Amino acid sequence: MPRLAVLGHPVGHSRSPAMHNAALAELGLAGEWSYEAIDVSPADFERRVRAMEGEGFAGANVTVPHKGAALALADTLSETAREIGAANTLSFSAGEISADNTDAEGLLAALPGGSPRGLKALVLGAGGAARAVVWALLREAADVAVWNRTELRSQHLCEELGGEPVSAPDPAAYGLIVNSTSVGLAGEDPFEQLPLRRDGFAPGQVVVDMVYGDEPSPLLDAAAAAGAATVDGIEVLVRQGALSLREWTGREAPLEAMRAAARR
Ligand code: ATR
């Protein structure tokens, strides 16, 4: 019985177990495969991961704060994971740990209207989440600007990955806006913390908020009210999860079942 898991710290609120177990059930694999949440401290991460194959695990998702450590301990890396500098998907086979990153491809899959090729895109943030977003958009040949509260970090990110750091962007100038900061997680007002205005969205724009919680995102509410297309963090979670599940099981993941479970 292959086991799967998400490793995080904390991980209690993760929607991945519900989402993946619903997918496994829909695929008729629930009797064979299972997916659980495992809370691992950073100090214990490497030891825990190295023990997993022996405990019957075929793979694991990795979330905050372990995505860098997951990359560092893997024996083989996908090009995507190596370039982004973070891994969210580990696979265990014959004593080897391989690492991939499905966050980037997951974001692209979640965008309405296909590839963002040629779009002017504004990415907010310069942490791990932003790196995957910037990498994905650049690979699709979008024109990427990066704003971050701490400008040194956005400058550094752009030096490494590409894109243009911006300090006072005009949001109306962008066809795609992605919030990949953590603003909103603790109920902060995005219009106070980010270079966005509540009345600053327009039809034709696509607005993505990677932050999700039990409440609807104020940023996406304002964007939708203005007629912009919106994508929430759960859709991005579902899409990265679907790609991870395909890597482990070789099966196309059932998106609708995963969405329903992730949205509870
Ligand atoms: P992750 O790996 O999940 O992206 P992170 O590396 O801690 O997490 O990055 C969090 C991001 O949210 C950063 O871009 C951070 O900005 P700083 O680099 O200036 O810290 C951003 N962020 C967090 N709180 C913020 C706030 N109140 N206003 C603006 N940006 C904020």
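The values are calculated or read from the model by the stated rules, or taken from the named source; none is laboratory data. Bear in mind the structure is a predicted one, so any value in this text is a computation, not a measurement. Here the Cβ positions follow ideal geometry from the backbone for every residue, glycine too, while neighbour counts run over all protein chains shown.
Looking only at the stretch 123-146, count every residue that is of a type outside the set (Gly, Ala, Ser) and surrounded by fewer than 24 Cβ atoms within 10 Å (Cβ to Cβ) and tell me the total. Break it down stepwise before answering.
Going through the stretch 123-146, the residues of a type outside the set (Gly, Ala, Ser) turn out to be 123-124, 131, 133-135, 137-140, 143-144, 146.
Checking the rest, the ones that are also surrounded by fewer than 24 Cβ atoms within 10 Å (Cβ to Cβ) come to 138-140, 143.
So the count comes out to 4.
Go over the candidates ALA22, ALA18, ALA37 one by one and state the one that is surrounded by 18 or more Cβ atoms within 10 Å (Cβ to Cβ) and in contact (Cβ under 8 Å) with a residue 60 or more places away in the chain.
Working: ALA18 fails: surrounded by 18 or more Cβ atoms within 10 Å (Cβ to Cβ); ALA37 fails: in contact (Cβ under 8 Å) with a residue 60 or more places away in the chain.
Criteria check complete, one pass: ALA22.
For the stretch 1-113, which strands (runs of 3 or more DSSP E) that fit wholly inside it have 1 or more residues that are at pLDDT 95 or above, away from the ligand (no atom under 16 Å from the Cβ) and in contact with an Asp or Glu (Cβ under 8 Å, 6 or more places away or on another chain)? First the steps, then the outcome.
Numbers: elements: 3-8, 34-39, 57-62, 89-93, 96-100.
Once the strands (runs of 3 or more DSSP E) in the stretch 1-113 are filtered for at least 1 residues that are at pLDDT 95 or above, away from the ligand (no atom under 16 Å from the Cβ) and in contact with an Asp or Glu (Cβ under 8 Å, 6 or more places away or on another chain), what remains is 3-8, 57-62, 89-93, 96-100.
Going by what's in this entry, would LEU243 be described as buried (at least 21 other Cβ atoms within 10 Å of the Cβ) and part of a helix (DSSP H, G or I)? Talk me through it step by step, then tell me what you get.
Working: buried (at least 21 other Cβ atoms within 10 Å of the Cβ): no; part of a helix (DSSP H, G or I): yes.
No, not satisfied.
Take the residues of the stretch 189-200 that are of a type in the set (Asp, Glu) and more than 9 Å from the ligand (Cβ to nearest atom): which is surrounded by the most Cβ atoms within 10 Å (Cβ to Cβ)?
The first filter runs over the stretch 189-200 and keeps only residues of a type in the set (Asp, Glu), leaving 189, 192, 199.
Adding the requirement that they be more than 9 Å from the ligand (Cβ to nearest atom) leaves 189, 199.
Details: ASP189: 12, ASP199: 9.
Once the filter is applied, the top-ranked residue is ASP189.
Can you give me the number of residues within the stretch 130-157 that are within 11 Å of the ligand (Cβ to nearest atom) and either modelled with pLDDT under 95 or part of a strand (DSSP E or B) (or both)?
So the answer is 2.
Can you work out which of the residues in the stretch 173-188 that are at pLDDT 95 or above and more than 16 Å from the chain's Cα centre (by Cα) is surrounded by the most Cβ atoms within 10 Å (Cβ to Cβ)?
Going through the qualifying residues, I end up with LEU176.
Evaluate the stretch 226-233: report whether one residue or more is in a helix (DSSP H, G or I) and surrounded by 16 or more Cβ atoms within 10 Å (Cβ to Cβ). Steps first, answer last, please.
Step one: filter the stretch 226-233 for residues in a helix (DSSP H, G or I), giving 233.
With surrounded by 16 or more Cβ atoms within 10 Å (Cβ to Cβ) added as a condition, the list becomes 233.
Yes, there is a match, as at least one residue in the stretch 226-233 is in a helix (DSSP H, G or I) and surrounded by 16 or more Cβ atoms within 10 Å (Cβ to Cβ).
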